[in-house]
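**Q** Here it is, the structure in full.
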Amino acid sequence: MELHELRRRWQQQPASSQIIEQQELDAILARQSDGIIERLRRSARLELYLNFGVLLVSLALAWLAQPFWVRMLGWVLVVVGGVCIVYLWRKLHLLRRMDDPAGDLRAHLLRLASGLRALIRFYFRFTLAMLPVTGFVQVLMVASTAKRDISLTTLPGIALVVGLVVLLPALLYLPVASVTRLYLQRLYGQHLDRLEECLRELQSS
C-alpha cells in the first residue's frame, strides 16, 4: 500500500478506529523504503563502476604518458578515483545495512539516512577541493609546453599560479558547486528526500 493511500484511508476512518499496530506500520515502511533503497544502490553501483574505469585510464596515463603534466594529471585522477571508490564502497556498505534493522526499523533507517547525507556532503566538498589541484596541473601544463621557459618564481610565473590556482577556481566555484549539487540530488538526494519524508509521515501517524 502506498503511503499517501494509507494516510487517505486513515483520515476517512472514525476516531475510534484510528489504531494501527506497530508491526503494520513497520511493514508499510519496509515496503515503501525497499524501492527507494534499491534506486540508491543502483546509483552507487553505477558510479563505482565508472570510477573503476577512471582509475584504470588514470593509471595508464600516469605510467605511459610522455609529457610530465599528463603524468601528473594521471596521478591526480588516480587519487580522485581511489577516494571516490572508497567513498562509494562505504556508501554501498551503509545501503546494505538498511536490510538489517536490528530493532526499531524507523530509527535504523534514520541513522543510516543521516550517514548517507554525511557521505554526500563529503563528496560535494571533495569535488570543490579538487578545483585548485586541477589549476596546479594546468600550471604545469602551461609551464612545460610554453615556447619559452617560465620560472614560477618570476612575476609571470607567480601571475600564472595565482591565475590558475586561485582566480580560476574562484570563478568556477559557483558553477561547479551548482552542477555537483544537481548531480548528487538526481542520483541520491531525491531518493533520500522521499525516504525521509516517508519516515516523518509515519512518525506523525
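**Q** Please turn the phi angles of the range 123-139 into ³J(HN,Hα) values with the Karplus equation 6.51 cos²θ - 1.76 cosθ + 1.60 (θ = phi - 60°), one per residue in order, whole Hz, x for glycine and proline.
**A** Values per residue, Gly and Pro as x: 4, 4, 5, 5, 4, 5, 5, 6, 4, x, 5, 4, x, 5, 4, 5, 4 Hz.
**Q** With the dipole of the range 44-134 worked out from charges on the C-beta (+1 for Lys and Arg, -1 for Asp and Glu) around the Cα centre, which of Leu128, Asn51, Ser114 lies farthest toward the positive end?
**A** Result: Ser114.
**Q** To continue, here is another question. Given 0.36 nm per residue, what is the gain on full extension from Val83 to Phe126 after removing their alpha carbon distance, in nm?
**A** 14.6 nm
**Q** Sticking with this one: Just how large is the dipole of the range 127-205 about the Cα centre, in debye to the nearest 20, putting +1 at every Lys and Arg Cβ and -1 at every Asp and Glu Cβ?
**A** About 320 debye.
**Q** Using 0.36 nm per residue, how much length does the chain from Arg96 to Val133 gain when fully extended, once their Cα-Cα distance is taken away?
**A** 10.0 nm
**Q** Using each residue's phi in the range 162-173, evaluate 6.51 cos²θ - 1.76 cosθ + 1.60 at θ = phi - 60° and report the 3J(HN,Hα) Karplus result to the nearest Hz, with x for Gly and Pro.
**A** Karplus-based 3J(HN,Hα) across the range 162-173 equals 4, x, 8, 9, 10, 5, 4, x, 5, 5, 7, 4 Hz.
**Q** Now for a different question. Using label points projected 7 Å from each Cα along Cα→Cβ, tell me how many nm separate Ala146 and Leu46, to one decimal.
**A** It is 4.3 nm.
**Q** Along Cα→Cβ, 7 Å out, is where each label goes; now give me the distance between the ones at His108 and Ala159 in nm to one decimal.
**A** Those two pseudo-labels are separated by 6.3 nm.
None of the figures in this text is laboratory data; all of them are computed from the coordinates on show. If you're wondering where the values come from, they're calculated on a predicted model, not measured in any experiment. All Cβ positions, glycine included, derive from the backbone under ideal geometry; neighbour counts span all protein chains shown.
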